[in-house]
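Novice: Take this structure, written in structure tokens, and hold onto it; I'll ask about it next.
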Amino acid sequence: MSRPIEDYAMIGDRSTAALVGRNGSIDWLCLPRFDSPACFAALLGDEENGHWQLCPVGDYQVSRAYVENSAALQTTFSTDTGVVTLLDVMPTGNGRIDIVRRVTGVRGTVRMHHEWVVRFEYGTARPWIRRRLEDSDEPAITAVAGPDKLVLRGARLPEASGNRHVDDFDVREGDILTFSTTWLPSHFRTPGPHPALVDETIHDEVTWVARLDLTDVPHADVVRRSLLTLHLMTHVDTGGIVAAPTTSLPEDFGGERNWDYRYCWLRDAALTINSLIEAGATEEARFWRDWLLRAVAGDPADLQIMYAVDGSRRLTELTIDGLPGYGGARPVRIGNGAVDQRQTDVIGEVMLALEAARESDLGQSDDTWSLQRVLIDHLAETWQDRDNGLWEIRGPRQHFTHSRVMVWVAFDRAVEAVERHGLEGDVDRWRDLRDRVRDEVMTQGFDANRNTFTQHYDTHEVDASLLMLPLVGFVEADDPRMLGTVAAIEEDLMRDGLLLRYRTQTGVDGLAGHEHPFLACSFWLVSTYAAAGRLDDAHALFDRLCGFTNDVGLLSEEYDAEHGRMVGNFPQAFSHLTLVQAAFALRTAAG
């Protein structure tokens, strides 16, 4: 049985991230990068697919928390004979990939179990494992397969048994035992022990969080954790922001809706930057802006909706047949076929993010405006084409209303850049196109009989993405047409007080099965309620949504309210960034 998704916490070093279960097991870790093959993949299979566990032998109780406002995770195990803590950290600042695990005896004596099972290539490649003495006469265990090497060090490393390391040992009050795993290319010489950067890493993360401006923000602790989570999913060298550190955690348990989110979606990254700028983290905005300029350089006709963290374009979707999948949900996918989709809305989101950067302390750069002009001029020639929409529909392309509104946003922000900031551009043409798009949406994307905007031009269905219309300035939140849209969304898409993205039974997405409420949609509803003056409803829903975070403040993509469990890839940037946006919307509405 797979562990509940909410049982996991994330640690990371902004190059990659690991998921640690309440049982002290690292069940997911890709090395050396977010989108590299996993070497611990029990999350999508079982222990034989790779994991690294430290926990008491026998029964125990668990509590855990991050150390201050950092990504260092401290798990406390209590048994009948004593108490121990386990500190998990991925140190930063030394150019290495290390995972450090420190066991400390707090009270009494606890018998601990240590198991290190490495399986490279997404849990399918068994390595060659051997124990050796280093120059310092301290033992180390190495695991090698193909291009990868892992080195395990620690206070107790008896001879490895077969293709794993297993050991039981006693921890007494006052004992401190430190273990570490280091990744390096297999043809490199094994480096020395990790430097002692645990305290420095915690200090750096706490200092970063302290710079954030969260004055008068509701649920500030939850918002703070969300912003740090987004920070940890921003690659330290490139600035690319991944949507999640996982692949194939299912949207439909046992079904086929399993996707690889370890890449950088322009939309998600742009929305994340908006949230970081509002919180005062402008340096991340500069970092992402530089990444964007590199990633999309070239012909605008070649623009993709997503890229690898280094800006690479080839994200061919494959299946890993050797992994059984989370709870048997197959296939397990790597790569993402949506990379070749047309999603017209992304240019609007990019324009919004660059506008926010322009109006922040970052100001304007010549390269940025040159990029925007090229994108807008290309959009002027292609905006009438059908697309796959922001939900990456794998059915027929449509004229999605949200996509058309974001086309309007793109032209509107281009016009504003000229009129308000004095930049050069074909403003008359852009203004004309902006007005044409608006007229089209108002006539073809609106159902006058029901008084609601529609999912696309050829349906009477609604879609939760319509909640974005007032948030991007297309229509006022208290406009009768928007009030009617909110009412229709509440009627058609509300399940257990949370919103679905759309009704899957219409077949619009071309996939079998169903899904659970999508958390970002409910956060959008909070923001829309707030903008419309429904503050009591907004606060009530926001309070409930913040209550869905797990014990360390993380959110998945979806939530099954009926069974009280998280669904989908985890932690999910889209959920955390819309949480932050909703908190800021409530602050703004409060005056």
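Novice: What's the FRET efficiency of residue 47 with residue 459 using the Cβ-Cβ distance as r and R₀ = 56 Å, to the nearest 0.05?
Specialist: The formula returns an efficiency of 0.75 here.
Novice: List residues of the range 577-591, by number, whose backbone nitrogen lies under 11 Å from a label position 7 Å along Cα→C-beta of residue 535.
Specialist: 586-591
Novice: Taking all protein chains as present, what is the carbon and sulfur share of the accessible area of the chain, in % to the nearest whole number, probe 1.4 Å?
Specialist: 45
Novice: Give me the Kirkwood hydrodynamic radius of the range 181-235, using the inverse of the mean 1/r over all pairs of distinct Cα atoms, in Å to one decimal.
Specialist: So the Kirkwood estimate lands at 14.1 Å.
Novice: Separate question: Note down the magnitude of the dipole of the range 342-461 about its Cα centre, charges +1 on Lys and Arg C-beta and -1 on Asp and Glu C-beta and zero elsewhere, to the nearest 20 debye.
Specialist: Roughly 380 debye, rounded to the nearest 20.
Novice: Can you give the calculated 222 nm mean residue ellipticity of the chain, where each DSSP H run of n ≥ 4 adds -39,500 (n - 2.57) and the sum is split over every residue, rounded to the nearest 500 deg cm²/dmol?
Specialist: -10000 deg cm²/dmol
Novice: Roughly how many nanometres apart are two label points built 7 Å out from the Cα toward the Cβ at residue 319 and residue 76?
Specialist: 4.6
Novice: So, one more: Taking the Cβ of residue 121 as the center, what net charge do the other residues with Cβ under 13 Å away carry, scoring Lys and Arg +1 and Asp and Glu -1?
Specialist: 0
Novice: Also, quick follow-up: Considering the dipole of the range 104-211 built from charges on the beta carbon (Lys and Arg +1, Asp and Glu -1) around the Cα centre, which of 112, 124, 144 is farthest to its positive end?
Specialist: Going by the Cα projections, it comes out as 124.
Novice: I would also like to ask the following. Please give the FRET efficiency for residue 173 paired with residue 561, using the beta carbon to beta carbon distance and R0 = 45 Å, rounded to the nearest 0.05.
Specialist: Result of the calculation: an efficiency of 0.55.
Novice: Next question, about the same structure. Using protein chains only and a probe of 1.4 angstrom, how many square angstrom of residue 3 are accessible, to the nearest 10?
Specialist: 70
Novice: Further question on the same structure: Rule-of-thumb check for the range 188-291: C-alpha Rg over 2.2 N^0.38 Å?
Specialist: 1.30
Novice: Starting from the coordinates of the alpha-carbon atoms of the range 485-559, obtain the Kirkwood hydrodynamic radius over all distinct pairs and give the value in Å to one decimal.
Specialist: With all distinct Cα pairs of the range 485-559 included, I get 13.3 Å.
Novice: Between residue 361 and residue 216, how high is the FRET efficiency from 1/(1 + (r/R0)^6) when r is the Cβ-Cβ distance and R₀ = 22 Å? Nearest 0.05.
Specialist: That gives a FRET efficiency of 0.55.
Novice: I want to make sure I understand the PRE zone here: with the label point 7 angstrom from the Cα of residue 107 toward its beta carbon, which residues in the range 53-81 have backbone N atoms less than 16 Å away?
Specialist: 60-64, 76-81
Novice: Oh, and also: Taking every eigenvalue of the Cα gyration tensor of the range 92-214, multiplying by 5 and rooting it, what semi-axes result, largest first, whole Å?
Specialist: Equivalent ellipsoid of the range 92-214: 27, 22, 14 Å, largest first.
Novice: Does anyone have the angle between helix 220-232 and the longest principal axis of the chain? Alpha-carbon axes, 0 to 90°, nearest 10?
Specialist: Helix 220-232 sits at roughly 80 degrees to that axis.
Novice: Starting at 0 and stepping by 10 Å, how many percent of the alpha carbon pairs of the range 139-207 end up in each bin?
Specialist: Per 10 Å bin, starting at zero, the Cα-Cα P(r) for the range 139-207 comes out as 16, 38, 33, 12, 0 percent.
Novice: Oh, and also: What is the ratio of the Cα radius of gyration of the range 212-353 to 2.2 N^0.38 Å, where N is its residue count, to two decimals?
Specialist: Taking N as the residue count of the range 212-353, the ratio is 1.14.
Novice: A follow-up question, please. May I ask you to work out the translational diffusion coefficient for the range 435-591 at 20 °C, viscosity 1.002 mPa s, via Stokes-Einstein with Rh from the Kirkwood sum over Cα pairs, reported in whole µm²/s?
Specialist: Calculated translational D: 133 µm²/s.
Novice: Any chance you could run the full-extension gain for residue 394 through residue 374? It's 0.36 nm times the residue separation minus the Cα-Cα distance, nm to one decimal.
Specialist: Here the segment from residue 394 to residue 374 would lengthen by 4.4 nm.
Novice: Take peptides 183-189, 214-220, 249-255 and line them up by average Cβ neighbours within 10 Å, highest first, as a rough protection proxy.
Specialist: 249-255, 214-220, 183-189
Novice: Would you mind working out the magnitude of the charge dipole of the range 82-185 relative to its Cα centre, with +1 at each Lys and Arg C-beta and -1 at each Asp and Glu C-beta, to the nearest 20 Debye?
Specialist: Charge dipole of the range 82-185: 200 debye, to the nearest 20.
Novice: Heads up, I need the accessible area for residue 432: 1.4 angstrom probe, whole protein in place, Å², nearest 10.
Specialist: 80
Novice: Rank 442, 306 by accessible area, highest first, at a 1.4 Å probe radius?
Specialist: The ranking, largest first, comes out as 442, 306.
Novice: Based on alpha-carbon centroids, what's the gap between the range 204-276 and the range 483-544 in Å, whole number please?
Specialist: If you average the Cα positions of each part, the centres end up 21 Å apart.
Novice: To the nearest 20 debye, what is the magnitude of the charge dipole of the chain about its Cα centre, counting +1 on the Cβ of each Lys and Arg and -1 on the Cβ of each Asp and Glu?
Specialist: 1160
Novice: Using a 1.4 Å probe, how large is the accessible area of residue 302, given in Å² and rounded to the nearest 10?
Specialist: Approximately 80 Å² for this residue.
Novice: Another question, then. Quick one, what does Rg over Rh come out to for the range 326-447 if you take C-alpha atoms and the Kirkwood Rh?
Specialist: 1.06
Novice: Related question: Count the net charge of all other residues whose Cβ sits under 11 Å from the Cβ of residue 376, scoring Lys and Arg as +1 and Asp and Glu as -1.
Specialist: Summing Lys/Arg as +1 and Asp/Glu as -1 gives 0.
Novice: Here is a further query. So, for the chain, what is the accessible surface per residue at a probe of 1.4 Å, expressed in square angstrom?
Specialist: 36
Novice: Taking every pair of distinct Cα atoms and averaging 1/r, then inverting, what Kirkwood hydrodynamic radius in Å comes out for the range 5-83?
Specialist: 13.4
Novice: To continue, here is another question. So what does log10 I(q)/I(0) come out to for the range 235-317 at q = 0.16, 0.20, 0.23 Å⁻¹, using the Debye formula with one equal point on every Cα and no solvent?
Specialist: -0.65, -0.91, -1.09
Novice: With a sphere of radius 12 Å drawn around the Cβ of residue 543, what net charge do the other residues whose Cβ falls strictly inside it have (Lys, Arg +1; Asp, Glu -1)?
Specialist: For residues surrounding residue 543, the net value is -1.
Novice: Specify, per residue and in Å³, the volume enclosed by the convex hull of the alpha carbon atoms belonging to the range 433-482.
Specialist: 77
The values are calculated or read from the model by the stated rules, or taken from the named source; none is laboratory data. Here the structure is a predicted model, which means the values were calculated and not measured. Ideal geometry is used to build each Cβ from the backbone, glycine not excepted, and the neighbour counts take in all protein chains shown. Calculation scope for accessible area: heavy atoms of the full protein, side chains included, ligands and nucleic acids excluded. Shrake-Rupley method; radii C 1.70, N 1.55, O 1.52, S 1.80 Å.
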